[in-house]
Amino acid sequence: MNRAKVNQNIDLDCYNNVWVIGEQVNGEIHPVTVELLGEGRKLANSIQKDLYVVLAGCNLNSSIEKLQHFGADKIFYLNHPLLKDYSTDAYVKVISELILNRKPEIVLIGATSLGRDLGPRLAARIGTGLTADCTKLEIDPTDGKLLQTRPAFGGNLMATIICPKNRPQMSTVRPGVMEKAKYNENHTSELEVIHPILNESDIKTKLIRKEKFEKKRVNLIDAKIIVSGGRGLKQKEGFRLIEQLAAALKGEVGSSRAAVDSGWIEHSHQVGQTGTTVHPDLYIACGISGAIQHQAGMHESKYIIAINKDPNAPIFDICDYGIVGDLYEVIPALLSSLHEKDFLEFN
């Protein structure tokens, strides 16, 4: 891959507007795209610029039509048969060419498996910096630079990073952190369809087939109810109780970093700065002390219930309802109560 020279003498005034690199899977718009549009609109308004979204694919007419109602000023639709399924080579080529030609000031990409692959390669091709896995974005009121905040040193501190000499300023943004853009039937984004020059020889890899992942995926981001376990479980088997309560409430199982580090549960269940950021209607923290790194990933939950033996645990400072007690006594009592009554969906 051609790597552009970094720290070039460029005219920063030539770069304008905020771009979101949209993501589609099998023709469906990924939810992170709508989140980025919500955050992108705030940034664009702060610097008094327009918000554009780039979407690559093929035969995406229905998805494009829907995307036009989420607040972007303009959509660049990169339409080509070789863009139907994601490939690093193809997407980097056509998107980097568009960026170099149109010169956006800010580019946002979702920190999904696709975005984590695409973002660094785009930055290298363009010759600019990239701040990965951001959880907060702001505009510096003094000079209009993008302030990109992300966890550092294992989540023990938050680092704010700037890109003062190069453009665009690029960030990958953790899914589930930003507020989604609102669907507005009365707003229709301008659409520019681009047919890029792309050949099979430009792509080093070839998609042979797709296989469905049979194992149930953890969906903490969209979960309305999450029951999480932490160090207070004391053993891996304790998660059986967490799973029972989550099943009874029709929710998902979460965890603290301590439980993951102990090997009691997979990382995909981890909530916090170095895990998933969530905002469910109900979050039940069982045996979780509530370190600041964990709070950062769940403090925006609508209601928080904490169960912990330690009355001085930090989790009690942010919860709506706290139960001081042994989770191995409290949870069975909750389960018994739930089984006696018909559980109504939590609202």
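The values are calculated or read from the model by the stated rules, or taken from the named source; none is laboratory data. In this text the structure is predicted, and so the values were computed from the model without any measurement. So basically every Cβ, Gly included, is an ideal-geometry build from the backbone, and we count neighbours across all protein chains shown.
The single residue among 142, 88, 131 that is surrounded by 23 or more Cβ atoms within 10 Å (Cβ to Cβ) and among the hydroxyl-bearing types (Ser, Thr, Tyr) turns out to be 131. Scanning region 259-279 for residues that are within 19 Å of residue 301 (Cβ to Cβ) and at pLDDT 90 or above yields 259, 269, 270, 271.
Looking at region 162-179, can you tell me whether even one residue there is basic (Lys, Arg) and either surrounded by fewer than 12 Cβ atoms within 10 Å (Cβ to Cβ) or under 18 Å from the mean Cα position of the chain (by Cα) (or both)? Yes, there is a match, as at least one residue in region 162-179 is basic (Lys, Arg) and either surrounded by fewer than 12 Cβ atoms within 10 Å (Cβ to Cβ) or under 18 Å from the mean Cα position of the chain (by Cα) (or both). Evaluating residue 58 against the criteria (1) among the hydrophobic types (A, V, I, L, M, F, W, C); (2) within 27 Å of residue 14 (Cα to Cα); (3) at pLDDT below 95 leaves one unmet condition, (2).
Tell me, yes or no, whether region 41-52 has at least one residue that is under 25 Å from residue 136 (Cα atoms) and part of a strand (DSSP E or B). The answer is yes; a qualifying residue exists. What are the residues in region 178-231 that are out of contact with any helix residue (DSSP H, G or I) (no Cβ under 6 Å at 6 or more places or on another chain), within 30 Å of residue 273 (Cα to Cα) and of a type in the set (Gly, Ala, Ser), if any? Residues satisfying the conditions are 223, 228. For region 160-218, give me each residue that is part of a loop (DSSP other than H, G, I, E, B), farther than 19 Å from residue 107 by Cα and hydroxyl-bearing (Ser, Thr, Tyr). Selection gives 183, 188, 205. Pairs meeting the criteria (first residue in region 175-196 and on the phi > 0 side of the Ramachandran plot, second residue at pLDDT below 90, beta carbons under 8 Å, at least 6 apart or on different chains) are 176/220; 176/221; 176/276; 176/277; 176/278; 176/279. A single member of 114, 83 is in contact (Cβ under 8 Å) with a residue 12 or more places away in the chain, of a type in the set (A, V, I, L, M), in contact with a Cys (Cβ under 7 Å, 6 or more places away or on another chain) and buried (at least 16 other Cβ atoms within 10 Å of the Cβ), and it is 83. Screening region 210-235 for residues that are at pLDDT below 80 and under 27 Å from residue 327 (Cα atoms) and picking the one that is farthest from the chain's Cα centre (by Cα) gives 216. If you go through region 297-321, how many residues are under 28 Å from the mean Cα position of the chain (by Cα), farther than 19 Å from residue 224 by Cα and among the polar types (S, T, N, Q)? Residues flagged as under 28 Å from the mean Cα position of the chain (by Cα), farther than 19 Å from residue 224 by Cα and among the polar types (S, T, N, Q) within region 297-321 amount to 0. Checked against (1) within 19 Å of residue 308 (Cβ to Cβ); (2) of a type outside the set (Phe, Trp, Tyr); (3) touching a residue at least 60 places away in the same chain (Cβ under 8 Å); (4) surrounded by fewer than 17 Cβ atoms within 10 Å (Cβ to Cβ), residue 257 meets all criteria but (4).
So, in region 57-77, of the ones that are hydroxyl-bearing (Ser, Thr, Tyr) and buried (at least 16 other Cβ atoms within 10 Å of the Cβ), which residue ends up farthest from residue 27 (Cα to Cα)? Of everything passing the filter in region 57-77, 77 is farthest from residue 27 (Cα to Cα). When 46, 96 are checked against the criterion of being out of contact with any helix residue (DSSP H, G or I) (no Cβ under 7 Å at 6 or more places or on another chain) and among the polar types (S, T, N, Q), 46 stands alone in meeting it.
Is at least one residue of region 280-302 of a type in the set (Ser, Thr, Tyr) and under 29 Å from residue 113 (Cβ atoms)? Yes, because at least one residue in region 280-302 is of a type in the set (Ser, Thr, Tyr) and under 29 Å from residue 113 (Cβ atoms).
Go through region 164-194 residue by residue and tally those that are under 22 Å from residue 128 (Cβ atoms) and at pLDDT 90 or above. Adding up the residues that qualify gives 8.
Taking the listed residues 10, 99, 95, 64, the one that is among the β-branched types (Val, Ile, Thr), over 22 Å from the mean Cα position of the chain (by Cα), at negative phi and part of a helix (DSSP H, G or I) is 99, with no other qualifying. For residue 226, the stated conditions hold: it is touching a Leu at 6+ places or on another chain (Cβ under 7 Å), surrounded by 10 or more Cβ atoms within 10 Å (Cβ to Cβ) and under 18 Å from residue 315 (Cβ atoms). For the criterion of being over 23 Å from residue 111 (Cα atoms), polar (S, T, N, Q) and at pLDDT 90 or above, residue 48 passes.
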